[in-house]
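The values are calculated or read from the model by the stated rules, or taken from the named source; none is laboratory data. In this text, all values refer to a predicted model and were calculated from it rather than measured experimentally. Positions of Cβ are generated from backbone atoms using ideal geometry, with glycine treated the same way; all protein chains shown enter the neighbour counts. Accessible surface is based on the protein model in full, side chains and every heavy atom, while ligands, DNA and RNA are left aside. Shrake-Rupley method; radii C 1.70, N 1.55, O 1.52, S 1.80 Å.
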Amino acid sequence: MLTLGYHASHEQFAPSELLRLVRRADAAGFTAALNSDHFHPWSEAQGHSGFAWSWMGAALATTRLSSLGVVNAPGQRYHPALIAQALGTLAEMFPGRAWAALGSGQFVNEGITGEPWPPKDLRNARLRECVDIMRALFRGETVTHRGLVRVEEAKLYSRPQQAPLLVGAAITPQTAEWVGGWADALITVSKPPDELRKMVKAFHRGGGEGKPMFLKVQLSWAEDEQAALQGAMEQWATNIFASSVLTDLRSPAQFQELARTVQPKDLEGHVRVSSSFQRHVDWLAEDVKLGFSHLYLHNVNRGQERFIDAFAEHVLPALRTAR
């Protein structure tokens, strides 16, 4: 089945406003949601960054969404045993509805600990240790682990009957291939079809054949084409740079300064900008053809209410019919 979800952007809206928006999306016909666990926004202009775990409890309790995922980076800002406890508590209260996408993180969020920021290979090794620790805790084991992460006699007493999905977050084919061997599913971000095809092939090559694939779709829709473009430039020009750049910047101010170099044409391939419903349907249908069964739509401009209502009327039904 095709899951069509709403991406709840903590960077752009206060938690109370975001809760209202996800409830509106639920009522309109979106069946799932995704949010990211960040400490800072991507720019000062975005201006928010609520605590994802508090918010998720409220969102799950006040919507009928079939699932709600969180993108999280255990290992530095968070101890993996605490993430297992947080996710396990949500999964126990809301069976089958809470899941996590795990990645190696960005310095802008993880740097608040004051600890050194490891190179990518060590961050990946640390992430894999965290995944193994979390899975052992979900199985009810008492865990002692002394590696890049240290755990001493941890046991999770309140556990869900079924362990939640641990999804591998990847932006490059190299990472997609790596997570194929351990993740329950893949999540990546929207790219041109040729690039997404490389991600899919890499995930399958690494061991992900037959596993679900999730896609966070960055788009900017407004009733006017120029308004859609302007909204994307104002809110998401910070996020179009290579992963090696995005993961190592330290502050929202640095992201904002770098975004000053971005021109409207630079958004192509990173944000799907169009006022045409059919154009968005065609883009998303191509994603489905590539094998993505869970699409989380992130309208990166601030016009959320109209986007939710318009896509629920014109885009979601067309995709479901095609599917």
Given GluC sites (Glu not before Pro), DSSP loops and at most 16 other Cβ atoms within 10 Å, the longest exposed-site-free stretch of the chain is 45-140
Dipole check, the stretch 223-305, charges on Cβ (K,R +1; D,E -1), about Cα centroid: among Gln235, Gly303, Phe255 the Cα furthest to the positive pole belongs to Phe255
Whenever you get a sec, compute what percent of the accessible area on the stretch 42-176 sits on carbon and sulfur atoms (1.4 Å probe). 52 percent
Descending Cα extents along the principal axes, the stretch 238-288, whole Å: 38, 21, 14
Could you give the length gained on full extension between Asp282 and Tyr157, defined as 0.36 nm per residue of separation minus the Cα-Cα distance, in nm? 40.3 nm
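Give me the percent relative contact order of the chain, please, defined on Cα pairs under 8 angstrom at least 6 residues apart.
Answer for the chain is 20 percent.
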With all protein chains present, calculate the accessible area of Thr144 using a 1.4 Å probe and round the result to the nearest 10 Å². 70 Å²
If DNA, RNA and ligands are ignored and the probe is 1.4 Å, what is the ranking of His40, His298 by accessible area, most exposed first? His40, His298
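Using the reciprocal of the averaged 1/r over all distinct C-alpha pairs, how large is the Kirkwood radius of the stretch 1-111 in Å? Can you show the working numbers first?
Working: mean 1/r = 0.0702 Å⁻¹.
With all distinct Cα pairs of the stretch 1-111 included, I get 14.3 Å.
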Selection of trypsin sites (Lys or Arg not before Pro), the stretch 130-210, meeting DSSP coil and at most 16 other Cβ within 10 Å: Arg139, Lys155
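Please work out the FRET efficiency for the pair Glu115 and Glu209, using the Cβ-Cβ distance as r and a Förster radius of 41 Å; give the result to the nearest 0.05.
Working: r = 37 Å, r/R0 = 0.90.
Using R0 = 41 Å, I get an efficiency of 0.65.
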Cα point-scatterer Debye curve for the chain, base-10 log of I(q)/I(0) at q = 0.08, 0.09, 0.12 Å⁻¹: -0.34, -0.43, -0.80
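Which number do you get for Rg(Cα) / (2.2 N^0.38 Å) in the stretch 82-235?
Values: Rg = 18.0 Å, N = 154, 2.2 N^0.38 = 14.9 Å.
With N residues counted in the stretch 82-235, Rg over 2.2 N^0.38 Å equals 1.21.
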Take every Cα-Cα distance within the stretch 153-287, group them into 5 Å bins from 0 onward, and report for each bin the whole-number percent of pairs it holds. 2, 9, 16, 16, 16, 15, 12, 8, 4, 2, 1, 0
Two-decimal ratio, the stretch 154-227, of alpha-carbon radius of gyration to 2.2 N^0.38 Å: 1.44
Over 19 Å between alpha carbons, listed pairs Lys120/Lys155; Lys198/Lys289; Lys120/Lys265; Lys216/Lys289; Lys120/Lys198; Lys201/Lys265: Lys120/Lys155; Lys120/Lys265; Lys120/Lys198; Lys201/Lys265
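Of all trypsin sites (Lys or Arg not before Pro) in the stretch 232-309, which ones are in loop regions per DSSP and have a Cβ with at most 16 other Cβ atoms within 10 Å? Walk me through the numbers before you get to the answer.
Working: sites: Arg250, Arg260, Lys265, Arg272, Arg279, Lys289, Arg302, Arg306; in loops: Arg250, Arg260, Arg302.
Those satisfying the criteria are Arg250, Arg260, Arg302.
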Taking only protein heavy atoms and a 1.4 Å probe, what accessible area per residue, in Å², does the chain have with all protein chains in place? 43 Å²
0 to 90° range, to nearest 10: angle between helix 120-138 axis and the chain longest Cα axis: 70 degrees
May I ask for the distance between the Cα centers of the stretch 126-177 and the stretch 222-237, given as a whole number of Å? 39 Å
Cβ-placed point charges (K, R +1; D, E -1), dipole of the stretch 111-207 about Cα centre in debye, nearest 20: 160 debye
If you look at just the Cα atoms of the stretch 212-312, how large are its Rg and its Dmax in Å? 14.2, 39
Fully extended, how many nm does the chain gain between Asp248 and Glu44 (0.36 nm per residue separation, minus their Cα-Cα distance)? 71.7 nm
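Please arrange Asp224, Asp26, Asp194 by accessible surface area, largest first, computed with a 1.4 Å probe and ligands excluded. Walk me through the intermediate numbers first.
Numbers: Asp224 80, Asp26 20, Asp194 105 Å².
From most accessible down to least: Asp194, Asp224, Asp26.
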The answer for trypsin sites (Lys or Arg not before Pro) in the stretch 55-122 that fall in a DSSP coil and have at most 14 neighbouring Cβ atoms within 10 Å is Arg64
